[in-house]
Amino acid sequence: MGSGQTKIKAIMESDREEGESDNKKLLDLSKYKTPDIRSAVPKGFPFFAVDFGLQAGYAHVIEDDSRFPSYFAQEIVGNLLDLSPRHWRNPQALKFDEIKKRKDAFEVKWQKYDWTKMAKRAVDT
């Protein structure tokens, strides 16, 4: 198991203590006959899921969203990147010009990975 997967398992401590939940705290999607979210999460339940590209990931059923932190996804990504909680708990307010500058810089870096453009080229040919 990679360090990202190890960290995900450690992070998945959220809205219910062990023994209080009707559902498992962490669902390992690789353990299901069809390793997708629809086979693991009860229909109609809110959930949080993460996968690792071509490998099955994990899911967590959110039973009581009032006890589920709104910053949960940021906490997972922040922990995977070894960032301090201040990065997601008290984010710096940015002006529109700074946000646009960062977005434009990201788009340039992302171009070689943008699968949507690759798919469009394949369809157009």
query: Got at least one residue in the stretch 63-75 being hydroxyl-bearing (Ser, Thr, Tyr) and touching an Asp or Glu at 6+ places or on another chain (Cβ under 7 Å)?
result: no
query: Counting only residues that are surrounded by 10 or more Cβ atoms within 10 Å (Cβ to Cβ) and in a loop (DSSP other than H, G, I, E, B), which one in the stretch 71-125 is modelled with the highest pLDDT?
result: 94
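Taking the stretch 94-121 on its own, how many of its residues are of a type in the set (S, T, N, Q) and closer than 19 Å to residue 53 by Cβ? Even if it seems obvious, please write down each step before you answer.
Looking only at the stretch 94-121, we keep the residues that are of a type in the set (S, T, N, Q), and these are 111, 116.
Pick out the ones that are also closer than 19 Å to residue 53 by Cβ and you get 116.
Residues meeting the conditions: 1.
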- line: Checked against (1) among the small types (Gly, Ala, Ser); (2) surrounded by 12 or more Cβ atoms within 10 Å (Cβ to Cβ); (3) modelled with pLDDT under 85, residue 59 satisfies every condition except (3)
- request: Determine which single condition residue 97 fails, assuming it passes every other condition in (1) outside the structural domain of residue 36 (by TED's automatic domain parsing); (2) touching a Ser or Thr at 6+ places or on another chain (Cβ under 8 Å).
  value: (2)
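Every residue, every condition in (1) at pLDDT 80 or above; (2) in the same structural domain as residue 69 (by TED's automatic domain parsing); (3) out of contact with any His (no Cβ under 9 Å at 6 or more places or on another chain), yes or no:
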| position | (1), (2), (3) |
| --- | --- |
| 15 | no, yes, no |
| 20 | no, yes, yes |
| 28 | yes, yes, yes |
| 31 | yes, yes, yes |
| 43 | yes, yes, yes |
- request: Look at residue 50 and say whether it is at pLDDT 85 or above, surrounded by 12 or more Cβ atoms within 10 Å (Cβ to Cβ) and within 17 Å of residue 25 (Cα to Cα).
  value: no
message: Report every pair of residues separated by at least 6 positions or lying on different chains whose Cβ atoms are under 6 Å apart, first residue within the stretch 52-76 and within 21 Å of residue 87 (Cα to Cα), second in a helix (DSSP H, G or I).
response: 71/88; 74/88; 76/11
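The values are calculated or read from the model by the stated rules, or taken from the named source; none is laboratory data. In this text, all values refer to a predicted model and were calculated from it rather than measured experimentally. No Cβ is skipped: glycine too gets one built from the backbone with ideal geometry, and neighbour counts run over all protein chains shown.
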